[in-house]
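One structure is given here, and the rest of the page talks about it.
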């Protein structure tokens, strides 16, 4: 599972490229990957655009790399999943959070105190 937060579409592309790399190396090691890798995203726009190519025409700017993510979703290598911002456990690694949110993230990462 890969988590994407805050930056939207372009971060989803970068995370997707990491997923592709991991899938390739696992395949080289002999592991069969039968299901799409979940990509947790807190940006519903990024999920919508990655799943539905008709939304591309409505975006003012769209990097060509984003078409790669759309194709990866279509080919069932990646499965984008919406996760609310408050449930993004990876935020503890990327930004300052209030103590209540730090406790939530820590508890969901199974880190012992």
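When residue 101 is tested against (1) loosely packed, with under 14 Cβ neighbours inside 10 Å; (2) more than 16 Å from the chain's Cα centre (by Cα); (3) modelled with pLDDT of 85 or more, only condition (1) is not met. Figure legend. Inter-residue proximity from region 61-74: first residues within 11 Å of residue 10 (Cα to Cα), second residues modelled with pLDDT of 80 or more and in a helix (DSSP H, G or I), beta-carbon distance below 6 Å, spacing 6+ or different chains. Indicated pairs: 65/13; 66/13; 69/12; 69/13; 69/16. Residue pairs whose Cβ atoms lie under 7 Å apart, sitting 6 or more positions apart in sequence or on different chains, and linking a residue in region 2-26 that is more than 18 Å from residue 82 (Cβ to Cβ) to a partner that is modelled with pLDDT of 90 or more and assigned to a loop (DSSP other than H, G, I, E, B), are 20/77; 23/77.
Return yes when residue 24 is over 14 Å from the mean Cα position of the chain (by Cα) and modelled with pLDDT under 80 and no when it is not. Against the criterion (over 14 Å from the mean Cα position of the chain (by Cα) and modelled with pLDDT under 80), residue 24 does not qualify. So which residues in region 49-93 are part of a loop (DSSP other than H, G, I, E, B), farther than 17 Å from residue 17 by Cα and modelled with pLDDT of 85 or more, if there are any at all? Listed by number, the residues that qualify are 83, 84, 88.
The values are calculated or read from the model by the stated rules, or taken from the named source; none is laboratory data. Values in this document were obtained by computation on a predicted structure and should not be read as measured data. Neighbour counts run over all protein chains shown; Cβ positions are idealised from the backbone, glycine included.
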